[in-house]
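Single-structure report; data block below.
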Amino acid sequence: MHIKIDQSGKVEDTRANTIIAFSNGKRKSILIDRKEKRELETIFRKNNKSKVFIFKTFAILIFLLIKDDLIEIQHISIDLEYPGKDYLIKDYLLTMIRKYRSFGKRDIAFIRVDRKTKAHELAINVHRNHIKPDIIVDKKDVLSLN
């Protein structure tokens, strides 16, 4: 299965919830509340990791979103949310995925995900509270993979 991943509500925007969604036949979304993100950011800052807070949190959220479907996933296309930092996000994500199964570097790509995709539609609808997220995570879930 080839999935496309989109984000609604950037990780660094601690005034808004962050939703990450994927779609391709199957659809799934994950939400982290803005309050949880603020607390996470504080923890990262206290541990002198404020520069990687955004990218590591983004990668961890993607992993938590896809981990139960890893057997089926052959390729991941992620919306280019953080140009120039895709290598960092890919590295964090691959490290987590490879604890469960082998996965090639070339099987993760960063692209512009069109607003007409199902992934974007799902992410924005969860963000607007039209649809409930499939998964809700908190700072403990993220920190367990940090």
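Every number here is computed from the coordinates shown, using simple stated rules; none is lab data. Values in this document were obtained by computation on a predicted structure and should not be read as measured data. Glycine gets a Cβ as well: all are built from the backbone with ideal geometry, and neighbour counts include every protein chain shown.
See the values below:
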{"item": "Cβ-Cβ under 6 Å pairs, at least 6 apart or on other chains, the stretch 10-28 side closer than 14 Å to residue 137 by Cα, far side surrounded by fewer than 18 Cβ atoms within 10 Å (Cβ to Cβ)", "result": "17/33; 17/34; 28/134"}
{"item": "Some residue of the stretch 50-73 being within 21 Å of residue 139 (Cα to Cα) and of a type in the set (Ser, Thr, Tyr)", "result": "yes"}
{"item": "Matching option when the condition is surrounded by fewer than 17 Cβ atoms within 10 Å (Cβ to Cβ) and in a strand (DSSP E or B), among 45, 27", "result": "27"}
{"item": "All positions within the stretch 114-137 that are under 14 Å from the mean Cα position of the chain (by Cα) and within 19 Å of residue 2 (Cβ to Cβ)", "result": "119, 120, 122, 123"}
{"item": "Pair list, Cβ under 8 Å, 6 or more apart: the stretch 120-146 residue small (Gly, Ala, Ser), other residue surrounded by 16 or more Cβ atoms within 10 Å (Cβ to Cβ)", "result": "123/6; 123/7; 123/8; 123/19; 123/20; 123/21; 123/29"}
{"item": "Failed item, numbered, when residue 15 is tested on (1) part of a loop (DSSP other than H, G, I, E, B); (2) crowded, with 19+ Cβ neighbours inside 10 Å", "result": "(2)"}
{"item": "Condition check for residue 102: among the polar types (S, T, N, Q) and assigned to a strand (DSSP E or B)", "result": "no"}
{"item": "Residue within the stretch 73-87 that is in contact with a Phe, Trp or Tyr (Cβ under 6 Å, 6 or more places away or on another chain), more than 18 Å from residue 119 (Cβ to Cβ) and not polar (S, T, N, Q) present", "result": "yes"}
